[in-house]
Amino acid sequence: MLELNVIFEAVHRWLEGILPQGLVTLISALGTGGIVLAFLSILALFLVWWERKVSAHMQQRLGPMRTGWHGVLQTIADGVKLVQKEDLIPSTADRPVYFWAPVICFVAAFMAYLVIPFGRGLIVQDLNIGILYIIAITTFTVVSLLMAGWGSNNKWALLGGMRSAAQIVSYEVPLTLSILGAVMLAETLSMVGIVQSQAGGFWNWLIFRQPIGFIVYYIAATAEANRTPFDIPEAEQELVAGFNVEYSGMKFAMFFLAEFVNMFTISAIAVTLFFGGWNAPHPIFNFVPSWIWFMGKSLVSVFILMWFRWTYPRIRVDQLMGFAWKFLLPLAFLNIILTGLGVLIFRN
Amino acid sequence: MVGNYGYAGVWVLVGIGFVLFTFFFARLIRPQRPNPNKLKNYECGEFPFSDSQLQFNVRYYIFALIFVIFDVEVVFLFPWAVVFKSLGLFAFVEMLIFIAILLFGLAYAWKKGALKWV
């Protein structure tokens with residue numbers, strides 16, 4: 001019915017008719033980039049508002065109410081304010097490092113969307129190493145946080161940057177290992193392949209065969225995105241704001257945007273790997289377009305991340321590191337071994 | 001095949017272009033009135049008393065080493081995971097030995113207290 005890939009394919013065919021092949025590739029790369037950027041900007045506007053409303057209601061407050069219906073225009077007002085803010089660069093800052101940190105942070109978050117399957121046929125490039133590519137590219141975030149911490153020449157920022165590097169590096173290992181279980185069952189690294197291996201109904205979703213993998217992935221991914229209860233790098237009450245203390249205006253906005261984009265990315269990967277991606281829970285629901293299923297499931301996952309934030313207290317740095325290395329890592333290995341055994345036993 | 005990754009290259013440029021454009025756009029409309037007090041480092045109202053780019057005790061140095069080891073291991077595990085179903089028992093036992101050696105290393109680091117955040 002309302003499958004969006006029909007539109008894109010029609011445009012692509014039309015372009016191929018009037019332009020040479022190389023130019024078509026270039027235009028579609030630029031065009032898809034632009035579309036995804038627009039999508040991410042709108043999504044971030046929505047998610048920021050949603051996070052504020054969710055947090056408010058969980059604390060029995062109302063949250064933003066004055067700007068538009070239930071404050072829906074609040075984020076736009078914030079954006080307008082951020083654009084007008086003076087951009088202060090500390091006189092002692094390492095300027096090139098300071099300048100490029102937010103750029104790298106946002107680009108690393110944005111690049112992941114090259115291989116995220118939004119719906120049937122609705123993927124920019126189905127790379128055959130899809131999931132590995134996402135892990136590789138999103139890790140660049142840690143470089144940008146270190147750059148921000150060091151380049152600001154501020155003690156809070158330095159502490160925040162160092163902590164986030166330690167945290168992301170530690171949680172990277174259980175995160176990648178937890179994905180392996182799903183890859184073993186799907187027998188492919190391509191995002192489309194993983195989704196297709198779960199087609200047919202909710203009983204084929206990998207969550208039922210990879211419960212441990214999913215739990216490890218979700219915890220580690222929350223830590224990777226620096227979300228509460230793992231927001232040690234930002235820890236407002238102790239580090240004032242961590243790595244982005246000295247950033248203002250649009251440079252701060254880029255860090256902020258990247259955080260919300262990352263939040264959606266980890267939800268999208270969780271949905272793709274464990275919840276059947278764009279597949280409907282039952283074949284009788286196939287009349288609903290696939291992208292609606294994907295967005296719906298992802299937004300539920302985002303909501304759960306917000307729920308985490310208002311449920312769990314922040315954990316201490318040493319507990320944080322111990323948790324990754326002494327609990328999640330052995331658990332992830334256990335998951336791989338159990339998956340392997342399961343595959344060997346039930347193969348026939 | 002190269003075209004697929006060519007997209008990634010174009011996307012890097014699109015992303016950087018987008019960020020630089022927003023910076024430029026903001027520059028056109030924002031005020032620009034710096035003064036020495038505004039440009040000081042923020043230390044909760046105190047005057048900053050020293051340079052922050054000092055010799056810093058990087059506490060996760062050991063963690064980073066262990067991370068490198070395990071990340072390399074993961075690179076070996078991914079191709080194995082993709083073809084695991086067709087390889088069967090032999091590959092499974094082989095990988096168990098590989099994982100066991102690394103877990104032994106982890107246990108050693110744990111015992112030595114390298115996993116303690118001090």
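So between A:HIS282 and A:LEU341, what do we pick up on full extension, going 0.36 nm a residue minus the alpha carbon distance?
18.4 nm
Using a ≥ b ≥ c from the Cα gyration tensor of the protein assembly as shown (square roots of the eigenvalues), is it rounded, prolate or oblate, where a/c under 1.5 gives rounded and otherwise the larger of a/b and b/c decides, a/b for prolate? Intermediate values should be presented prior to the final figure.
Numbers: a/c = 1.68, a/b = 1.17, b/c = 1.44.
Because a/c hits 1.5 or more and a/b fails to exceed b/c, the protein assembly as shown counts as oblate.
Of the listed pairs A:LYS85/A:LYS297; A:LYS81/B:LYS38; A:LYS53/A:LYS297; A:LYS53/A:LYS155; A:LYS297/B:LYS85; A:LYS251/A:LYS297, which have alpha-carbon separations greater than 27 Å here?
Working: A:LYS85/A:LYS297 36 Å; A:LYS81/B:LYS38 19 Å; A:LYS53/A:LYS297 19 Å; A:LYS53/A:LYS155 33 Å; A:LYS297/B:LYS85 29 Å; A:LYS251/A:LYS297 31 Å.
With Cα atoms farther than 27 Å apart: A:LYS85/A:LYS297; A:LYS53/A:LYS155; A:LYS297/B:LYS85; A:LYS251/A:LYS297.
As a footprinting exposure proxy, order B:VAL14, A:VAL11 by other Cβ within 10 Å, with the fewest listed first.
Details: B:VAL14 22, A:VAL11 13.
In order of increasing Cβ crowding within 10 Å: A:VAL11, B:VAL14.
Over all pairs of distinct alpha carbons, what does the Kirkwood formula give as the hydrodynamic radius of the range A:90-346, in Å?
Answer for the range A:90-346: a Kirkwood hydrodynamic radius of 18.8 Å.
One-quarter of the Cα convex hull surface for the range A:246-348, in nm²?
Projected area, direction-averaged: 10.9 nm².
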Förster radius 25 Å - calculated FRET efficiency between B:LEU13 and A:VAL6, Cβ distance, rounded to 0.05
0.30
With a point put 7 Å past each Cα toward its Cβ, work out how far B:LEU87 is from B:ASN37 in nm, to one decimal.
6.7 nm
Overall form of the range B:7-95 per C-alpha gyration tensor (a/c, 1.5; a/b vs b/c):
oblate
Under the 7 Å Cα-to-Cβ spin-label approximation, B:TYR61 and A:ALA56 lie apart by a distance in nanometres of 4.9 nm
How many nm separate the modelled label positions at A:PHE39 and A:LEU334, each set 7 Å beyond the Cα in the direction of the Cβ?
3.7 nm
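Kindly point out which whole DSSP H helices in chain A project their C-alpha atoms 15 angstrom or further along the helix axis while averaging a Kyte-Doolittle hydropathy of 0.5 or above. Write down the numbers at each step before the final one.
Numbers: long enough: A:5-18 (20 Å, 0.45); A:21-58 (53 Å, 1.31); A:74-84 (16 Å, 0.27); A:95-111 (25 Å, 1.49); A:140-151 (16 Å, 1.61); A:155-186 (46 Å, 1.05); A:211-224 (19 Å, 1.22); A:249-274 (38 Å, 1.58); A:290-311 (32 Å, 0.99); A:329-346 (26 Å, 2.29).
Once both thresholds are applied, what remains is A:21-58, A:95-111, A:140-151, A:155-186, A:211-224, A:249-274, A:290-311, A:329-346.
Where a number appears in this text, it was derived from the coordinates with a stated rule and is not lab data. Since the structure is predicted, the reported quantities are computational estimates derived from the model, not experimental observations. All Cβ positions, even for glycine, are placed from backbone atoms using ideal geometry, and neighbour counts span all protein chains on display.
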